[in-house]
Structures are given as structure tokens and as C-alpha cells.
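The values are calculated or read from the model by the stated rules, or taken from the named source; none is laboratory data. As the structure is a prediction and not an experimental result, all values here were calculated from the model. For neighbour counting, all protein chains shown are included, and Cβ atoms are generated from backbone atoms with ideal geometry for every residue, glycine included. Remember, those area values only see protein heavy atoms, side chains included, never the ligands or the DNA or RNA. Shrake-Rupley method; radii C 1.70, N 1.55, O 1.52, S 1.80 Å.
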Amino acid sequence: SEKEKADGFKPMFNGKDLTGWQGNTNGYVVKDGMIIVEPSLGGGNLYTDREYGDFIMRFEFKLTPGANNGLGIRTPLQGDPAYMGMELQILDNTAPKYKDLQPYQFHGSIYGVVPADPAKREYLRPAAEWNTDDWSLGDWNYQEVIAKGKQITVKLNGTTIVDADISKLD
């Protein structure tokens, strides 16, 4: 938005192609100004070509029923981001196949490390069947991730669901 630009935010995605991104760029497509994971093409890890220390990242996303993805932060290009850095879960944790999730596996959690606030799971908007001919289907979610030193904060649709000082974890 214009306000975000005035506040010093810079877009990570140009809305046209995957310039500025690396990793499995073949597993994603750009359509109508969006990056779309395309499982039939292999999905996989997509990384920015820049490194970030402290940052605030804001993005919007939609989920299909049972979708499971993540946002790797402070992660190297090699290895599994969930274990070599930190992965913030992005998934439809209302899907029946996820009925036995551990608390640290729900949407917004720092995977395997910090669970999202269990009282705030309802802030994830419902998943809907993806229809590339009608982008109005399903609800958009708005997420903000703040990484400042060892403090990691995740806000989902305006509500803080994770606020953790990772230096205090075992």
C-alpha cells in the first residue's frame, strides 16, 4: 500500500514474475499478481535472493482444504528450513487429516518450537476450493511477521497468535 511504502516497506515480489526469488522456482507460477504454489510442478522451497536479519514481513494468502506450506525465516538455502532455521506454519489446520496435530504444528506456530496460541486458532479464515478462473472464492488471510533479535511475533488477521523470545526456549 502507499502507506507501507511511506513507512519504508519494500515489496519482495514484483507481481509479474519470480525475479528476486531462487530455489525451486519451477514449482510456482505467477498469475494475476500472485505467487501460486503448483503441486503438480513439484512445489518445494522458494527463497528470496536477499538475506534479512531483523524485519517485518506482511503478506496475504489463501488456503485450499488441507493445504500445508510454511514461511522459512532465518534459514539457509540448504537443508530443511523447519530444522535449519525456523518455519512458520501456513496450513489449513481445520482439515480432518490434521486432527492429531501437535500444538507446535498449527498455523502460525514456529514449527517444532513455539505453538501458536491455542485460544486463537479461529482467526485463520476458512479454506476454499481453489479456482484459477475465479479468485474471489475463499477468504484472504493477512499475516504479519516481526523478527527483531530473538523476538518473533506472528499476527494473523490483526490478532497476535505467537509472541516469543526464542532465546528463552530450551
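Okay, here's what the table says:
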quantity	calculated
Of residues in the stretch 11-22 being under 16 Å from the mean Cα position of the chain (by Cα) and open to solvent by less than 60 Å² (accessible area, probe 1.4 Å), the one farthest from Gly72 (Cα to Cα)	Phe13
Members of the stretch 34-62 found to be open to solvent by 80 Å² or more (accessible area, probe 1.4 Å), in a loop (DSSP other than H, G, I, E, B) and without any contact (Cβ under 8 Å) to a residue 40 or more places away in the chain, listed by number	Asp49, Arg50, Glu51
Ala147 vs. criteria aliphatic (A, V, I, L, M), farther than 22 Å from Val30 by Cα and free of Cβ contacts under 8 Å to residues at least 60 places away in the same chain	no
Enumeration of residues in the stretch 15-33 that are charged (D, E, K, R) and free of Cβ contacts under 8 Å to residues at least 24 places away in the same chain	Lys16, Asp17
Residue within the stretch 136-150 that is modelled with pLDDT of 90 or more, open to solvent by less than 40 Å² (accessible area, probe 1.4 Å), more than 18 Å from Glu60 (Cα to Cα) and of a type in the set (Val, Ile, Thr) present	no
Count of residues meeting criterion [in contact with a strand residue (DSSP E or B) (Cβ under 6 Å, 6 or more places away or on another chain) and open to solvent by less than 70 Å² (accessible area, probe 1.4 Å)] in the stretch 106-123	9
Which listed residue, of Gly8, Gly79, Gly72, is surrounded by 14 or more Cβ atoms within 10 Å (Cβ to Cβ) and either touching a residue at least 24 places away in the same chain (Cβ under 8 Å) or part of a loop (DSSP other than H, G, I, E, B) (or both)	Gly72
